[in-house]
Amino acid sequence: MSFPAPVTRPKLFTGKRGLMLASILIVNFVVWLDSAKFSLLNPFWSTDLHLSPSQISSVTASYLLGYFPLLLLAGILADRLGAKQMLIICISGVTVLSATMAFVHTYNEMWWRNLIFGVFFGFSWAPSQRLLSVWFPGALGARATSTWMSSTLIAGVLAPAIALPLANHLSWRDAFIVVAALGVPALVMLVLFTANKPEKLRGITPEEIASIHAEHRGVEVREKLSFRELLGALKNRSILTMIIATALATTPTWLSGPWLPYGLITLDKVNPTRWLGSARSSRSSRSSSDSSMEHWCPGSSAAARGRGWCSARPVARSGS
């Protein structure tokens with residue numbers, strides 16, 4: 001009696017495309033770490049530059065003015081010029097602009113620096129998605145995409161442990177320079193281990209190329225598309241609906257993110273070093289969190305712990 005041969009499941013981090021995925025993850029982690037660090041260190045740079053709340057809002061908005069329009073343009077350029085090329089531009093620009101924070105001393109300089117940073121940051125999303133769709137078209141596609149998304153989100157989780165100690169013990173400018181240095185190995189990995197199409201990557205075996213092509217199930221993988229094809233895709237109602245839905249879903253997060261550290265550290269006087277320290281008991285950490293919540297939603301700390309939310313209405317602290 002013969003038994004069918006066991007099916008070998010493809011693995012995410014094997015072969016040359018495993019290295020390609022690792023380079024994409026590292027690039028996105030560094031880029032999003034830089035963005036998260038900017039919001040996290042809001043109380044430091046806004047105090048040092050003597051910015052008013054309205055100026056802080058304007059600086060933050062300048063970043064979004066550069067970022068949002070480039071999301072669509074980055075997808076078009078990735079299809080026309082190549083996704084790898086756009087990611088190289090992205091990580092190079094983000095690295096340089098992160099280092100230039102050492103030379104920012106006025107509101108106008110910060111505004112323009114942030115606008116240009118948003119432009120380069122906008123080049124990260126669409127090229128990353130295009131590379132993943134080319135290299136992981138089959139069963140691994142969902143896993144590769146979710147892993148990529150995790151690399152962007154984990155940057156926000158690790159940013160306090162990286163940026164706050166540097167800002168407290170050195171300076172907030174040094175924190176930007178250190179993270180800028182992380183962009184150099186990310187750029188090297190991107191250049192060496194990434195290609196727009198599998199057959200263009202140096203050192204990849206014919207067997208791995210054939211395996212990737214088989215996962216495309218006969219669909220032709222084209223490195224570049226014409227402008228007519230791109231404009232035709234934008235006429236699709238599903239794509240237009242997704243564009244509108246994404247804008248509505250993500251805008252509140254982008255607008256509120258930079259103000260959370262400002263409210264905790266500047267207004268509530270939360271010590272970030274003690275906040276990160278592991279010596280504190282969970283009870284004192286919980287009381288600190290309740291104190292912060294009481295500032296924004298008086299009387300709602302206990303309710304928020306039970307329901308997980310509180311009404312988002314700003315309340316002026318007595319005596320302020």
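The values are calculated or read from the model by the stated rules, or taken from the named source; none is laboratory data. Quick caveat: nothing in here was measured; it's all calculated off a predicted structure. As a convention, Cβ positions derive from the backbone with ideal geometry for all residues, glycine included, and neighbour counts pool all protein chains shown. Areas reflect the complete protein model, heavy atoms only, side chains present, ligands, DNA and RNA absent. Shrake-Rupley method; radii C 1.70, N 1.55, O 1.52, S 1.80 Å.
Would you confirm, using the coordinates I've provided, whether residue 165 is touching a Ser or Thr at 6+ places or on another chain (Cβ under 9 Å) and either surrounded by fewer than 19 Cβ atoms within 10 Å (Cβ to Cβ) or polar (S, T, N, Q) (or both)? So residue 165 fits the description; yes.
Of the residues 115, 140, 132, the single one that is out of contact with any Phe, Trp or Tyr (no Cβ under 8 Å at 6 or more places or on another chain), touching a residue at least 12 places away in the same chain (Cβ under 8 Å) and among the aliphatic types (A, V, I, L, M) is 140.
Of the listed requirements (1) open to solvent by less than 40 Å² (accessible area, probe 1.4 Å); (2) more than 18 Å from the chain's Cα centre (by Cα); (3) under 23 Å from residue 127 (Cβ atoms), residue 171 misses just one: (3). Whenever a residue of region 77-104 is closer than 15 Å to residue 34 by Cα, its partners that are outside any helix (DSSP H, G or I) and open to solvent by less than 30 Å² (accessible area, probe 1.4 Å), lying with C-beta atoms within less than 6 angstrom and at least six residues away or across chains, give the pairs 90/123; 90/124. Considering each residue of region 99-112, count those that are touching a helix residue (DSSP H, G or I) at 6+ places or on another chain (Cβ under 8 Å) and of a type in the set (Val, Ile, Thr), and give that number. The qualifying residues number 2. Residues of region 113-120 include none that is small (Gly, Ala, Ser), in contact with a helix residue (DSSP H, G or I) (Cβ under 8 Å, 6 or more places away or on another chain) and farther than 22 Å from residue 62 by Cα. The C-beta contact set for region 24-52 (first residue among the acidic types (Asp, Glu), second residue open to solvent by less than 10 Å² (accessible area, probe 1.4 Å), distance under 6 angstrom, 6+ apart or interchain) comprises 34/94; 34/98; 34/179.
Please determine whether any residue of region 146-160 is farther than 12 Å from residue 20 by Cβ, assigned to a helix (DSSP H, G or I) and touching a Gly at 6+ places or on another chain (Cβ under 7 Å). Taking every residue of region 146-160 in turn, none turns out to be farther than 12 Å from residue 20 by Cβ, assigned to a helix (DSSP H, G or I) and touching a Gly at 6+ places or on another chain (Cβ under 7 Å). The C-beta contact set for region 181-208 (first residue over 13 Å from residue 134 (Cα atoms), second residue small (Gly, Ala, Ser) and exposed (fewer than 13 other Cβ atoms within 10 Å of the Cβ), distance under 6 angstrom, 6+ apart or interchain) is empty.
Listed by position, the helices (runs of 4 or more DSSP H) inside region 1-112 whose residues that are among the small types (Gly, Ala, Ser) and open to solvent by 10 Å² or more (accessible area, probe 1.4 Å) number at least 2 are 15-40, 53-81, 83-99.
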